[in-house]
Amino acid sequence: MAKDRFQQIENGIKKKHDKIKICFRDIKVIQGNTWEKRMRNFFRLNLEVDTIFQEKVTVQTLRYRRRSIGDIYWIMLYYYPEAHLKDVFKAIHKLIKDGEIGTFFCNDIRKRVYRHDITGFIPVQTDLLDEYGLFFQDWEDWINDSIEEYWMSLVGAEVSFFGGKKGVIMSYSRSWFVVKTIDMGKWPVIKKNFALLKK
């Protein structure tokens, strides 16, 4: 997926923010010294506080509603004008992977939405196109560019897997490595199933 597609999305939301600003009612700051902490606080506030059109002080969206990435980034630009869409989505993605928030495509508004649910129901649906014509995997690929470069750099590294077996990474593709061992030949191994011994 071309990176300029995501730049177009970011620029479009920024243009909307330049014309109309939205924020949480009576909230001056969203606390956090990292984007993960800021977004965790965002979703906490979203459960408790309405968002408003800043100039008119009228309700934009009621509290506890699921929010699209467009709305989330639009709101975060009010509190952090220097924010980039990638920073915001990386933090959202981490919260999803940690089971703190869910995401799915909402048929009512025809957008992918995100929310922490106090009932403990955290759906994660990733197989439908969103409002930008993108799959969730496209967003993951976008934010994982630098991560993928790191995984690629591990080719040739010595690893331990399968309860202490040792081998050398021969190749990498997506989430899988091919590890060559002395006594077991070549084995496909996913990222989470090995420990790095030597690079």
Unique residue being more than 24 Å from residue 133 (Cα to Cα), outside any helix (DSSP H, G or I), in contact (Cβ under 8 Å) with a residue 12 or more places away in the chain and assigned by TED's automatic domain parsing to the domain that holds residue 117 when the list is 32, 99 | 99
Odd one out for residue 193, checked against (1) surrounded by 13 or more Cβ atoms within 10 Å (Cβ to Cβ); (2) modelled with pLDDT of 65 or more = (2)
Do the conditions hold for residue 41, that is, is it surrounded by 18 or more Cβ atoms within 10 Å (Cβ to Cβ) and of a type in the set (S, T, N, Q)?
-> no
State whether the residues of segment 176-184 include one that is at pLDDT 80 or above, closer than 29 Å to residue 103 by Cα and part of a strand (DSSP E or B).
-> no
Restricted to segment 117-141, and to residues that are surrounded by fewer than 14 Cβ atoms within 10 Å (Cβ to Cβ) and touching a Ser or Thr at 6+ places or on another chain (Cβ under 9 Å), which residue is nearest to residue 4 (Cα to Cα)?
-> 137
Scan segment 107-127 residue by residue and report those that are among the β-branched types (Val, Ile, Thr) and assigned to a strand (DSSP E or B).
-> 113, 124
Counting only residues that are among the acidic types (Asp, Glu) and not in a loop (DSSP other than H, G, I, E, B), how many does segment 128-144 have?
-> 3
Working only within segment 44-80, note down all residues that are farther than 18 Å from residue 101 by Cα, surrounded by 20 or more Cβ atoms within 10 Å (Cβ to Cβ) and in contact (Cβ under 8 Å) with a residue 60 or more places away in the chain.
-> 74, 77
Could you please find all residues in segment 114-129 being farther than 18 Å from residue 72 by Cα and either touching a Cys at 6+ places or on another chain (Cβ under 6 Å) or among the acidic types (Asp, Glu) (or both)?
-> 127
Could you please let me know if residue 167 is over 30 Å from residue 71 (Cα atoms), at pLDDT 75 or above and surrounded by 17 or more Cβ atoms within 10 Å (Cβ to Cβ)?
-> yes
Which residues, counting only those in segment 97-143, are aliphatic (A, V, I, L, M) and under 22 Å from residue 48 (Cβ atoms)?
-> 101, 109, 113, 118, 122
If you scan segment 31-74, which residues turn out to be among the aliphatic types (A, V, I, L, M), within 22 Å of the chain's Cα centre (by Cα) and over 20 Å from residue 108 (Cα atoms)?
-> 39, 45
In segment 49-73, the residues that are touching a strand residue (DSSP E or B) at 6+ places or on another chain (Cβ under 9 Å) and assigned to a helix (DSSP H, G or I) = 69, 70, 71, 72
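The values are calculated or read from the model by the stated rules, or taken from the named source; none is laboratory data. All figures in this text were calculated on a predicted structure; none of them were measured in a lab. Backbone-built Cβ (ideal geometry, glycine too); neighbour counts: all protein chains shown.
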